[in-house]
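Shown next, in structure tokens, is the structure this report addresses.
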Amino acid sequence: MTEAKAAAPKLVRAPEIKALHAHRIKGAEFAYKQYDVEPEHGHTVKDMLDPGYWKHVTHLLEPGAQIRALPEDFSFFAELLVVQGGTEPRLVLLREVKLEAGIPTAEQSGSHKVEWAGRYDKFRIVRVKDNAVIEKGIANKVQAYERLAQIAA
């Protein structure tokens, strides 16, 4: 009998697979707040990472809140996560996409310039010598520079 016990292979247990319990999953709208913000022209992601940027809305920012930012001038898209709430909120940048890639950094091109004119007029092309508006209502800076190239040609 001792030989039979010695010949039997040892059973090795597989590692236990961790599983998510049902009470830990719920619809996103019930878990954390999600906000869409529209920063003004000229605001940057770096500005949004500064706690002072949020001073008028700190009461809304709770840990876990997600913020999607798309400025009025469509210069970038960003996603941020609030990791600390209160009067000095701390946000972490999850993703940033620059939407103005491949355009000149200078706002001026010879005798004309491209400038932001506000939410309704959007980008416009202005003649430098007399400040006359040549065209307005251009959706984004890339299109404005493309139109400027057509005018200059």
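Residues N140, N131: which one is modelled with pLDDT under 85 and more than 14 Å from the chain's Cα centre (by Cα)? I'd like the intermediate steps shown before the answer.
Details: N131 fails: modelled with pLDDT under 85.
One residue alone meets the criteria, N140.
With the checklist (1) modelled with pLDDT of 95 or more; (2) in contact with a helix residue (DSSP H, G or I) (Cβ under 9 Å, 6 or more places away or on another chain); (3) within 13 Å of L81 (Cα to Cα) in hand, flag the one item D47 doesn't pass.
(3)
List the number of the failed condition for S111; all other conditions in (1) surrounded by fewer than 18 Cβ atoms within 10 Å (Cβ to Cβ); (2) more than 30 Å from A28 (Cα to Cα); (3) touching a Gly at 6+ places or on another chain (Cβ under 9 Å) hold.
(3)
Can you run down the residue pairs with Cβ atoms below 6 Å, 6 or more apart or on separate chains, where the first is in the stretch 23-45 and charged (D, E, K, R) and the partner is surrounded by 10 or more Cβ atoms within 10 Å (Cβ to Cβ)?
K33/A65; D36/R68; E38/E72
In this structure, does V97 turn out to be in contact with a strand residue (DSSP E or B) (Cβ under 6 Å, 6 or more places away or on another chain), at pLDDT 85 or above, in a strand (DSSP E or B) and within 30 Å of Q150 (Cα to Cα)? First the steps, then the outcome.
Values: in contact with a strand residue (DSSP E or B) (Cβ under 6 Å, 6 or more places away or on another chain): yes; at pLDDT 85 or above: yes; in a strand (DSSP E or B): yes; within 30 Å of Q150 (Cα to Cα): yes.
Here the answer is yes, as V97 does meet what is asked.
For the stretch 71-91, does any single residue satisfy the condition of being among the β-branched types (V, I, T) and in contact with a helix residue (DSSP H, G or I) (Cβ under 6 Å, 6 or more places away or on another chain)?
Yes - at least one qualifying residue is present in the stretch 71-91.
Could you grab me the full set of residues in the stretch 119-132 that are surrounded by 13 or more Cβ atoms within 10 Å (Cβ to Cβ) and either within 22 Å of G42 (Cβ to Cβ) or assigned by TED's automatic domain parsing to the domain that holds E72 (or both)? Give the derivation first.
If we filter the stretch 119-132 for residues that are surrounded by 13 or more Cβ atoms within 10 Å (Cβ to Cβ), which is where we start, we get 121-127.
The answer is D121, K122, F123, R124, I125, V126.
Could you check V57 against (1) surrounded by 10 or more Cβ atoms within 10 Å (Cβ to Cβ); (2) under 16 Å from the mean Cα position of the chain (by Cα) and say which number it fails?
(2) is the only condition that V57 fails.
Being surrounded by 15 or more Cβ atoms within 10 Å (Cβ to Cβ), modelled with pLDDT of 85 or more and either of a type in the set (S, T, Y) or within 20 Å of the chain's Cα centre (by Cα) (or both) is true for just one of Q84, Q66. Which residue is that?
Q66
The values are calculated or read from the model by the stated rules, or taken from the named source; none is laboratory data. Since the model is a prediction, treat every value here as computed from it, not as a measurement. Reconstructed Cβ throughout: ideal geometry from the backbone, glycine too, with neighbour counts over all protein chains shown.
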